Amino acid sequence: MKTLSLLHLFPLAAVICLASLGPIHAQQQIQGQAPAPKCPEEAQPIPEELSGWTARSPIIAAADPAHLGAAMLHLGKGADATLLPTPEVTYAVRPVKPGGKVSSGGMFEITLDHAGVYRVALDTRAWIDVVVAGKPTESLGHSGGPACSGMRKIVDYALPAGTHVIQLSAAEAKASAILVTERK
């Protein structure tokens with residue numbers, strides 16, 4: 001009878017180890033947890049214009065235009081926004097994508113001291129309307145955020161100086177990080 005050397009057992013051990021990983025991945029999918037993205041230890045730094053994303057303050061979205069003063073965003077400073085159930089929100093103007101009964105949303109106000117191209121960044125899936133003079137403004141374009149930053153989307157708008165309303169609607173989550181910054 002021949003004896004098996006350890007070298008012959010290595011392929012069998014490797015197959016057993018790899019097979020055991022399948023149930024872990026399947027469990028993550030069942031629970032709705034996507035595997036964490038693989039980010040390099042030395043990830044690219046967030047561009048200067050988006051640096052306010054990393055130090056955010058809490059804010060609660062306004063449920064109606066009368067309470068916008070309590071939901072003031074500040075240019076270049078990120079916020080962790082608590083959103084409201086859609087049925088509780090009375091928007092300044094009807095959102096382009098209002099969302100349903102189980103979605104979330106809310107409104108914020110921001111004052112800009114000069115005209116320019118401004119970016120609104122979010123970490124969750126939601127529709128963004130920027131209301132200027134009572135009408136939603138067309139976006140110039142959108143993109144994803146920098147890799148490993150946590151920014152899901154960035155939408156650019158050409159905005160005049162003044163105080164404007166930012167409406168979030170059709171959000172899947174009850175909270176969202178938000179940042180408004182000038183595009184450089």
Exercise. (1) under 15 Å from residue 131 (Cβ atoms); (2) modelled with pLDDT of 95 or more; (3) surrounded by fewer than 19 Cβ atoms within 10 Å (Cβ to Cβ): which one isn't true of residue 82, the others all being true?
Worked result: (1)
Problem set entry | Condition check for residue 51: polar (S, T, N, Q) and either over 30 Å from residue 164 (Cα atoms) or at pLDDT 80 or above (or both) | no
For this session: Would you confirm whether any residue within segment 99-109 is touching a Gly at 6+ places or on another chain (Cβ under 9 Å), more than 30 Å from residue 45 (Cα to Cα), loosely packed, with under 15 Cβ neighbours inside 10 Å and in contact (Cβ under 8 Å) with a residue 60 or more places away in the chain?
Result: no
Exercise. Does residue 123 qualify as being surrounded by 15 or more Cβ atoms within 10 Å (Cβ to Cβ), among the acidic types (Asp, Glu) and either in contact (Cβ under 8 Å) with a residue 40 or more places away in the chain or out of contact with any Phe, Trp or Tyr (no Cβ under 7 Å at 6 or more places or on another chain) (or both)?
Worked result: yes
Exercise. Across segment 147-178, what is the total count of residues that are among the hydrophobic types (A, V, I, L, M, F, W, C) and at pLDDT below 90?
Worked result: 4
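The values are calculated or read from the model by the stated rules, or taken from the named source; none is laboratory data. All of these numbers come straight from a predicted model, not from anything done at the bench. With ideal geometry, Cβ positions are generated from the backbone for all residues, glycine too; neighbour counts draw on all protein chains shown.
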